Amino acid sequence: MKFIFSIFFSLILFASCQEAIKKKPVQKEEPAVVNTSYLYSMEPRNVSNNLIVKDISDLIGYWVGDFEPDENDNLIKEFMETDKSAWKFYKKLNLSIDSISGDSVFGHSVVSGTRRPLNGNYKKEGNSYVFLLLEPGDDKFDGKFQFTINENDSEIVGTWKSFGKIKVFSRTYNLRKILFKYNANNALESRYIDGNKMKENKLKYEDEEYIEESYFSTSELVFDYNSSLKELKIKDVENLSKADIYILRNSIYARHGYSFKSIQLSNYFQEQSWYYPVKSDIKKELSALEKKNISLLMRYEKNAEEYYDVFGR
Amino acid sequence: MVLTINKRDVKWVVFYLCLLYFTYLMVLITLQYVPINFDVAFLRIKQEQIVYMHYKIAFFSHVYSSIFVLLAGFTQFSEHLRKRWRIVHRVGGYLYLFLILIVAAPSGFIMGIHANGGLSSKIAFCILSILWSVFTFKAFLSALRSDFKAHRAFMYRSYALTLSAITLRAWKWLIINVFETAPIDTYKIVAWLGWVLNLLVIELYLRIDRKG
């Protein structure tokens with residue numbers, strides 16, 4: 001009789017311990033090819049070293065800066081001031097002008113890891129170059145860029161308006177040209193500190209998923225390794241914290257100018273003086289050493305994620 | 001029918017409940033390795049070791065046998081069962097003996113040589129497998145010569161070490177959730193803490209039991 005009681009109680013316990021031995025792995029952020037057609041993989045050709053525009057050809061290249069919600073519009077202003085998730089709408093823009101032929105302009109935009117092709121034209125009004133570039137329009141967040149830059153000036157000033165009805169339908173930007181160069185020596189300068197301290201936070205806003213992978217904070221050890229320079233060994237990696245491994249892996253992408261989808265990562269790497277979010281696909285540019293390190297780091301990252309603080313393995 | 005529950009019963013119910021729960025978790029862990037897969041769970045961070053045939057054999061024989069060794073705890077400690085169905089105690093006992101001496105302990109020793117966490121962990125696991133074998137064997141010998149007091153004492157020691165599979169993981173869970181220590185540092189601690197404490201507790205219990 002007493003035995004039956006024990007069985008009964010244990011069956012109740014059983015119901016609650018499904019994931020007691022393992023945590024479910026999170027979808028990992030990895031730079032991926034979005035589209036493989038030629039148009040979608042264009043990069044600026046024959047970029048001049050001039051950061052000041054003396055000639056139309058100086059406009060070819062990466063123009064980067066903040067992609068700010070347009071607070072001149074009252075609706076947007078109110079939203080940015082009151083909504084709790086408004087901070088997620090501050091983004092960085094890489095407006096890449098890839099080639100100019102006649103008055104036709106071809107380029108692409110990179111915002112939060114999303115790359116969209118740009119097509120349009122320009123005209124010279126006085127000593128100002130006036131541009132109108134359009135995104136294709138088959139994506140909910142497509143819109144048009146209108147901007148000007150004066151001769152002998154170094155700053156593009158403009159606006160962006162969405163084609164569709166979205167929360168932040170108008171943005172402003174001030175961009176400067178950068179000559180992006182990959183440098184494996186770029187070292188981490190600050191610690192990654194996760195303000196939320198949440199394990200995983202998946203938010204949906206206007207059907208755009210923000211996947212935030214939260215891995216607490218990095219330790220001092222993260223500064224000891226440059227994952228693009230030195231081949232990491234198991235002994236180097238096995239005792240690192242989850243955050244250390246996570247940042248070491250993502251720093252490889254950051255050195256290549258990857259524009260992160262994750263806001264936490266995007267904000268963190270912007271703290272590093274050498275980082276520019278300019279590309280959405282850098283997989284082909286990874287060196288053999290970097291690929292090796294990524295593979296090892298992913299293995300230990302998954303292991304830490306699934307088994308670090310649970311009972312089983 | 002009158003149901004009386006006394007203190008002794010409560011102790012046993014608690015013991016079996018805990019054992020049932022943790023055995024269930026151990027079953028879940030074991031099932032991760034069924035069917036044979038060289039790149040799953042713990043093996044994902046043993047890629048340098050799993051290339052060796054002797055490690056492959058040691059690892060899988062250890063994982064597949066240990067769950068049954070653990071299950072012995074359900075049958076062997078029941079006085080009622082031992083008196084009413086002697087054959088179950090006998091068969092269970094021999095199963096326990098052979099699985100440990102021939103499979104689980106030797107394979108544990110081989111894995112111990114390849115343990116993560118440096119020399120300290122390797123020594124810990126190797127000593128564990130040796131003591132496990134010695135206690136189990138001495139328990140067997142005592143039963144053969146009908147010295148059941150010694151038989152019980154050595155089997156308590158042996159099973160205390162069997163339970164280290166559970167206590168090691170429980171300590172890891174506790175230490176990491178409280179201190180958030182680095183993974184290998186934690187592993188070095190639990191490689192010892194996971195079984196030494198079990199032995200100390202059982203020795204203490206045996207001494208008190210002897211006096212009482």
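The values are calculated or read from the model by the stated rules, or taken from the named source; none is laboratory data. This structure is a prediction, so every number in the text was calculated from the model and none was measured. Reconstructed Cβ throughout: ideal geometry from the backbone, glycine too, with neighbour counts over all protein chains shown. Heavy atoms of the whole protein, side chains included, go into the accessibility calculation; ligands, DNA and RNA do not. Shrake-Rupley method; radii C 1.70, N 1.55, O 1.52, S 1.80 Å.
Observations
- Of all residues in segment A:273-296, exactly one satisfies the criterion of being within 14 Å of another protein chain (Cβ to nearest Cβ) and either within 30 Å of A:Gly65 (Cα to Cα) or among the polar types (S, T, N, Q) (or both), namely A:Ser295.
- Checked against the criteria, A:Val53 does not count as at pLDDT below 90 and within 29 Å of A:Lys279 (Cα to Cα).
- Test: residue in segment A:250-266 that is touching a residue at least 60 places away in the same chain (Cβ under 8 Å), within 14 Å of chain B (Cβ to nearest Cβ) and at negative phi: no
- Identity of the residue in segment B:172-185, more than 9 Å from chain A (Cβ to nearest Cβ) and within 18 Å of A:Asn239 (Cβ to Cβ), that ends up nearest to the chain's Cα centre (by Cα): B:Ile175
- Any hit, segment B:18-35, residues being among the polar types (S, T, N, Q), open to solvent by less than 70 Å² (accessible area, probe 1.4 Å), more than 8 Å from every other protein chain (Cβ to nearest Cβ) and over 18 Å from B:Ala104 (Cβ atoms): no
- Considering B:Phe60, B:Phe98, the condition of being assigned to a helix (DSSP H, G or I), more than 11 Å from chain A (Cβ to nearest Cβ), open to solvent by less than 30 Å² (accessible area, probe 1.4 Å) and more than 25 Å from B:Val196 (Cβ to Cβ) is satisfied by B:Phe60 alone.
- Yes/no for A:Asn183 being closer than 16 Å to A:Tyr276 by Cβ, open to solvent by 20 Å² or more (accessible area, probe 1.4 Å), in the same structural domain as A:Val130 (by TED's automatic domain parsing) and not aromatic (Phe, Trp, Tyr): no
- Of the residues making up segment A:238-257, those that are outside any helix (DSSP H, G or I), touching a helix residue (DSSP H, G or I) at 6+ places or on another chain (Cβ under 8 Å) and either of a type outside the set (D, E, K, R) or not assigned by TED's automatic domain parsing to the domain that holds A:Val222 (or both) are A:Asn239, A:Leu240, A:Ser241, A:His256.
- Of the candidates B:Ser146, B:Ser129, the single residue that is away from chain A (no Cβ under 14 Å), open to solvent by less than 80 Å² (accessible area, probe 1.4 Å) and at positive phi is B:Ser146.
- The number of residues in segment B:36-55 being facing chain A (nearest Cβ under 8 Å) and aromatic (Phe, Trp, Tyr) comes to 1.
- Where a residue in segment B:108-127 is touching a residue at least 60 places away in the same chain (Cβ under 8 Å) and its partner, wherever it lies, is of a type in the set (Val, Ile, Thr), with Cβ under 8 Å and at least six apart: B:Asn116/B:Ile45; B:Asn116/B:Ile184; B:Gly117/B:Ile184
- Test: residue in segment B:22-40 that is aromatic (Phe, Trp, Tyr) and part of a helix (DSSP H, G or I): yes
- Filter pass, A:Ile166 being in the same structural domain as A:Tyr62 (by TED's automatic domain parsing) and either acidic (Asp, Glu) or more than 25 Å from A:Asn46 (Cβ to Cβ) (or both): yes
- Residue tally, condition assigned to a loop (DSSP other than H, G, I, E, B) and over 22 Å from the mean Cα position of the chain (by Cα), over segment B:41-57: 6
Conditions (1) within 24 Å of B:Arg44 (Cβ to Cβ); (2) modelled with pLDDT of 95 or more, marked per residue:
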residue	(1), (2)
B:His80	no, no
B:Lys83	no, no
B:Ile102	no, yes
B:Gly108	yes, yes
B:Met111	yes, yes
B:Ala115	yes, yes
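- Just one of the numbered conditions (1) within 14 Å of another protein chain (Cβ to nearest Cβ); (2) surrounded by 21 or more Cβ atoms within 10 Å (Cβ to Cβ); (3) in a helix (DSSP H, G or I); (4) of a type outside the set (Phe, Trp, Tyr) is not true of A:Arg299: (2).
- For the residues A:Lys242, A:Lys284, the requirement of being surrounded by fewer than 21 Cβ atoms within 10 Å (Cβ to Cβ) and basic (Lys, Arg) singles out A:Lys284.
- Against the test of being under 20 Å from B:Thr23 (Cα atoms) and surrounded by fewer than 20 Cβ atoms within 10 Å (Cβ to Cβ), the options B:His54, B:His80, B:His89 yield a single qualifying residue, B:His89.
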